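S.K.: This is the structure I want to talk about, given as structure tokens.
The values are calculated or read from the model by the stated rules, or taken from the named source; none is laboratory data. If you're wondering where the values come from, they're calculated on a predicted model, not measured in any experiment. Because the Cβ atoms are built from the backbone with ideal geometry, glycine has one as well, and the counts that use them run over all protein chains shown. Please note that ligands, DNA and RNA were not included when accessible areas were found on the heavy atoms of the full protein model with its side chains. Shrake-Rupley method; radii C 1.70, N 1.55, O 1.52, S 1.80 Å.
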Amino acid sequence: MRMSMGLMGRRLLGGAVAGVALATSGTAFAELGQPAPWEATLQQAGSPVMENIVWFHNFLLVIITLITLFVLALLVIVVMKFNARANPVPSRTTHNTMIEVAWTLVPVLILVCIAVPSFRLLFLQLDVPKADLTVKVTGKQWYWSYAYPDNGKFEFDSLLAQDKQPRLLGVDNEMVVPVNKVIRIQTTGADVIHSFAVPAFGIKIDSIPGRLNETWFKATKTGMYYGQCSELCGKDHAFMPIAVRVVDDQEFANWVDAAKKKFASNPANSYASVGQAAQ
């Protein structure tokens, strides 16, 4: 019985260690630009903004962990040292100036340490640099339309493709952008409020009817990046994937030439096709 209990304990310990390792290294199994099974961390960064978001997240995690351990240590000290058995005559010390200054000043310093990188990150997100390419994104029930005003003003719809992987993220027409270029996203809604979000780029912005919102990203690696509408917008909200294909400059130029011909002769998808794609 003793040996079986020891074996069981080792197995439980091994399982716990494996679980922690799997949880902490979830991104190791992730493909670039999309979620991964058992992923417990943020998606791999594909833009400078997302790199800053990941750094700020890890920075806050360290701070809150240290605060939690400190508070836990204080609680343990109080429980062990200031109970009736260990300390039958309680201290009557009040208004300790040093303690009161410390518990006022230390939280203020912690908040300042958090505020500085927080404001820097907000400025990086909101201050759109000079754009190399502008893409207008229109959220519709329930698909996206993309227009390229800098490249011939063609426009096309992007609908969920049931025969493409990853499931519920593949589309018939991807948004295509060049790598290492500043992409300005101008977005609006055609009917209700949608939200254009691509986690690997660190962007999430509402698409509101009658209003033009703006954000930006700069993809640093070629490949496919996926997102979804992040605002509850109706019955097919779950079927509004966003697929962004990042390519080199030459491939982007070739795609623009082909897109001008394709979408000039084959205009935007009809509303009827949306229902078929979402079913």
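S.K.: Counting only residues that are within 27 Å of GLN141 (Cβ to Cβ) and charged (D, E, K, R), which one in the range 244-279 is modelled with the lowest pLDDT?
M.R.: Here the residue is LYS262.
S.K.: Now for a separate question. Taking the conditions exactly as written (in a loop (DSSP other than H, G, I, E, B), within 22 Å of the chain's Cα centre (by Cα), surrounded by 10 or more Cβ atoms within 10 Å (Cβ to Cβ) and not hydrophobic (A, V, I, L, M, F, W, C)), does PRO117 satisfy them or not?
M.R.: Details: in a loop (DSSP other than H, G, I, E, B): no; within 22 Å of the chain's Cα centre (by Cα): yes; surrounded by 10 or more Cβ atoms within 10 Å (Cβ to Cβ): yes; not hydrophobic (A, V, I, L, M, F, W, C): yes.
When the stated conditions are applied, PRO117 does not pass them.
S.K.: Also, quick follow-up: Suppose the filter is basic (Lys, Arg), in contact with a strand residue (DSSP E or B) (Cβ under 8 Å, 6 or more places away or on another chain) and open to solvent by 20 Å² or more (accessible area, probe 1.4 Å); does LYS130 pass it?
M.R.: No; evaluated as a whole, the condition is false for this residue.
S.K.: Scan the range 141-174 residue by residue and report those that are in a strand (DSSP E or B), in contact (Cβ under 8 Å) with a residue 24 or more places away in the chain and more than 22 Å from the chain's Cα centre (by Cα). Don't jump to the end; show me each part of the working.
M.R.: Here is the first cut: in the range 141-174, the residues in a strand (DSSP E or B) are 143-148, 154-158, 160, 171.
Among the residues that remain, those that are also in contact (Cβ under 8 Å) with a residue 24 or more places away in the chain are: 143-146, 148, 154-158, 160, 171.
Matches in the range 141-174: TYR148, PHE154, GLU155, PHE156, ASP157.
S.K.: Still on this structure: Only one residue in LEU111, LEU60 is open to solvent by 100 Å² or more (accessible area, probe 1.4 Å), closer than 30 Å to PRO199 by Cα and either touching a Pro at 6+ places or on another chain (Cβ under 7 Å) or in a helix (DSSP H, G or I) (or both), so which one is that? Even if it seems obvious, please write down each step before you answer.
M.R.: Details: LEU60 fails: open to solvent by 100 Å² or more (accessible area, probe 1.4 Å).
Checking each option against the conditions leaves just LEU111.
S.K.: VAL128 fails exactly one of the following numbered conditions: (1) under 30 Å from SER47 (Cα atoms); (2) among the β-branched types (Val, Ile, Thr); (3) free of Cβ contacts under 8 Å to residues at least 40 places away in the same chain; (4) in a loop (DSSP other than H, G, I, E, B). What is the number of that condition?
M.R.: VAL128 satisfies every listed condition except (3).
S.K.: Moving on. Which of the residues that make up the range 155-173 are in contact with a strand residue (DSSP E or B) (Cβ under 9 Å, 6 or more places away or on another chain), acidic (Asp, Glu) and at pLDDT below 95?
M.R.: First, pick out the residues of the range 155-173 that are in contact with a strand residue (DSSP E or B) (Cβ under 9 Å, 6 or more places away or on another chain): 155-161, 164, 166, 168-173.
From what is left, the residues that are acidic (Asp, Glu) are 155, 157, 172.
Scanning the range 155-173 gives GLU155, ASP172.
S.K.: Another question, then. Looking at the range 30-56, which of its residues are of a type in the set (Asp, Glu) and more than 14 Å from LEU169 (Cβ to Cβ)?
M.R.: GLU39, GLU51
S.K.: On to the next question. Residue by residue through the range 175-192, note down the ones that are part of a loop (DSSP other than H, G, I, E, B), in contact with a Lys or Arg (Cβ under 8 Å, 6 or more places away or on another chain) and either open to solvent by less than 40 Å² (accessible area, probe 1.4 Å) or more than 22 Å from GLY33 (Cβ to Cβ) (or both). Explain how you work it out, then say what you get.
M.R.: In the first step, residues of the range 175-192 are kept if they are part of a loop (DSSP other than H, G, I, E, B); the result is 179-182, 190-192.
Going one step further and asking which of them are in contact with a Lys or Arg (Cβ under 8 Å, 6 or more places away or on another chain), we end up with 179-182, 190-191.
Residues satisfying the conditions are VAL179, VAL182, ALA190, ASP191.
S.K.: Does GLY152 satisfy being open to solvent by 20 Å² or more (accessible area, probe 1.4 Å) and of a type in the set (Gly, Ala, Ser)?
M.R.: Taking the combined requirement at face value, the residue satisfies it.
S.K.: Right, next: Name the residue that is most open to solvent (accessible area, probe 1.4 Å), counting only residues in the range 207-258 that are aliphatic (A, V, I, L, M), assigned to a strand (DSSP E or B) and farther than 17 Å from GLY189 by Cα.
M.R.: Once the filter is applied, the top-ranked residue is MET224.
S.K.: Please determine, by comparing only the residues of the range 38-50 that are part of a helix (DSSP H, G or I) and under 11 Å from the mean Cα position of the chain (by Cα), which one is surrounded by the most Cβ atoms within 10 Å (Cβ to Cβ).
M.R.: So the residue we want is MET50.
S.K.: What pairs can you find where one residue is in the range 206-228 and free of Cβ contacts under 8 Å to residues at least 40 places away in the same chain, the other is surrounded by fewer than 17 Cβ atoms within 10 Å (Cβ to Cβ), and their Cβ atoms are less than 9 Å apart, with a gap of 6+ or different chains?
M.R.: ASP206/ILE193; ASP206/ASN213; ILE208/ILE193; PRO209/ALA190; PRO209/ASP191; PRO209/ILE193; GLY227/LYS204
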